[in-house]
Amino acid sequence: MVYLCRVKDASNLTVAVVGGGAAGFFGAIACAEANPGLTVYLLEKTSKLLSKVRVSGGGRCNVTHNCFSVTQLVQHYPRGAKQLKEPFRQFGAQDTVQWFEKRGVALKTEADGRMFPVTDSSETIAQCLLEAARRAGVHILTSTGVERIEPLPAGGFALHLTGAAPRILSVQRLLVATGGLPKSEGYNWLRGLGHSIMEPVPSLFTFNVPASPLKDLMGVSVPHARVLLAGEKLEYEGPLLITHWGISGPAVLKLSAWGARRLHDLQYTSTALVSWLPTYTEDALRQWLGAFRTENGRKVVLSNALFGLPQRLWRRLVEQAGVGPETRWSDLPAKLQNRLIELLLRMPLAMRGKTTFKEEFVTCGGIPLSEVNMKTMESRLVPGLHFAGEVLDIDGITGGFNFQAAWTTGFLAGQAMSRLANATQTASGQ
């Protein structure tokens, strides 16, 4: 259900939130709950609310991560780690869990630390946020964009709205939570207020490998692999999935986040070196295979997968090494064994482009954190203007970390707007 209202002539006790996503909803709810005397508007330019919440995690919504130590939590953010320490102390992953539980939504933790609603449905989270906004008295307007933000001489802003009935809405405080934008020009309306922009580039994407020798093995996964970019100090370990277009899975997605800017500079053309056995050094692997050959010399190399690798993957690696279908370990030439070792530890895959992960899109870039007071999420350049979510130059790796940043920054911004609006009201004698 969408709750709509008419834009009225607003007093200086009105605040607005631009963006109907996770950060926007959290900010609007936090502000309205903390100061019921305020009129809080949430403006969404499309007809859909919480779109990213609904599609994330395969429709289950990866709400946050079971990482309740601030020191550990910030290590999952390629951009914003240092600046998020204090915000996470104020509202971290444990606070997120309690926030939803207080409103009747229990979360569960999976083996990898990701946390989902026990219903395994993102709609549970979306409806919780919509209901919390309704109870708090937030006025939600869909199909209502903000064409221009005009700072007012006496403080506050005039929002020039677009939609069926274009209007000007005057507000005392403003939270921009429009999410990450794929193109730099999408931020021009914020540049017009005096803010600079860290150029946006994609983060969290899969690698396209058009000439991959593994292409027909799509669906095969390995629980622990290492992916390294040749010639770069960029690598990551984790589950890896072979797809019909290349490689995906947490190891690739997390590497794409840490290397977002460098991969953009390389125009997404590089060589990914995949280790299918990241716990082995070359010397250790060579010794292990030597011992195995001594005891299992009569076994056919191709037919008996080792190290717990999927049989289809093992066969392909053996074939790529040039080992014949009937070759036994005792007859394996040293040259071919060396090729096999190389493929097991450093299989080269030529990356030529990227693909957005499912329907999720995360950007690296946005409002520089140096231009924001991270305690209140208020602009250091424009008093009364706040930011939350991916519009900031903050992004995390996959696993619920981007949502956690949205909840945290939205909550702090909403709380700050409620306090500051109330202080202004008191100072003006109203």
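The values are calculated or read from the model by the stated rules, or taken from the named source; none is laboratory data. Only a predicted model underlies this, so the values are computations on that prediction, with no experimental measurement involved. In this analysis, Cβ positions are derived from the backbone assuming ideal geometry, glycine residues included, and neighbour counts consider all displayed protein chains.
Between Glu378, Glu371, Glu342, the distinction of being out of contact with any Lys or Arg (no Cβ under 8 Å at 6 or more places or on another chain), at pLDDT 95 or above, closer than 19 Å to Gln83 by Cβ and among the acidic types (Asp, Glu) belongs to Glu378 only.
Among the residues of the range 114-129, the ones that are in contact with a helix residue (DSSP H, G or I) (Cβ under 8 Å, 6 or more places away or on another chain) and in a helix (DSSP H, G or I) come to 6 in all. Within the range 291-311, the set of residues being assigned to a helix (DSSP H, G or I) and among the aliphatic types (A, V, I, L, M) comprises Ala291 only. Per the conditions (1) assigned to a strand (DSSP E or B); (2) within 23 Å of the chain's Cα centre (by Cα); (3) farther than 22 Å from His76 by Cβ, the sole criterion not satisfied by Val274 is (2). Put simply, of Leu344, Leu309, Leu302 the only residue that is closer than 27 Å to Thr243 by Cβ, surrounded by 12 or more Cβ atoms within 10 Å (Cβ to Cβ), in contact with a Pro (Cβ under 8 Å, 6 or more places away or on another chain) and in contact (Cβ under 8 Å) with a residue 24 or more places away in the chain is Leu302.
For the residues Thr355, Thr376, Thr363, the requirement of being surrounded by 18 or more Cβ atoms within 10 Å (Cβ to Cβ), of a type in the set (Val, Ile, Thr) and either outside the structural domain of Glu295 (by TED's automatic domain parsing) or in contact with a Ser or Thr (Cβ under 7 Å, 6 or more places away or on another chain) (or both) singles out Thr363. Residues in the range 58-85 that are over 27 Å from Arg262 (Cβ atoms) and not hydroxyl-bearing (Ser, Thr, Tyr): Gly58, Gly59, Arg60, Cys61, Val63, Asn66, Phe68, Val70.
Of the residues making up the range 364-395, those that are assigned to a strand (DSSP E or B) and in contact (Cβ under 8 Å) with a residue 12 or more places away in the chain are Cys364, Gly365, Gly366, Ile367, Val372, Glu378, Ser379, Leu385, His386, Phe387, Leu392, Asp395. Exactly one residue out of Ala164, Ala133, Ala154, Ala111 is in a helix (DSSP H, G or I) and in the same structural domain as Val63 (by TED's automatic domain parsing), and it is Ala133. When Lys52, Lys82 are screened for being assigned by TED's automatic domain parsing to the domain that holds Ala23 and surrounded by 15 or more Cβ atoms within 10 Å (Cβ to Cβ), only Lys52 passes.
The requirement of being among the charged types (D, E, K, R), modelled with pLDDT of 95 or more and in a loop (DSSP other than H, G, I, E, B) is fulfilled somewhere in the range 78-89, by at least one residue. If you go through the range 133-146 one residue at a time, do you hit one that is within 19 Å of the chain's Cα centre (by Cα) and under 30 Å from Leu369 (Cβ atoms)? No, that holds for no residue.
Counting only residues that are at pLDDT below 95, assigned to a loop (DSSP other than H, G, I, E, B) and under 19 Å from Ala350 (Cα atoms), how many does the range 182-226 have? Final tally of qualifying residues: 1.
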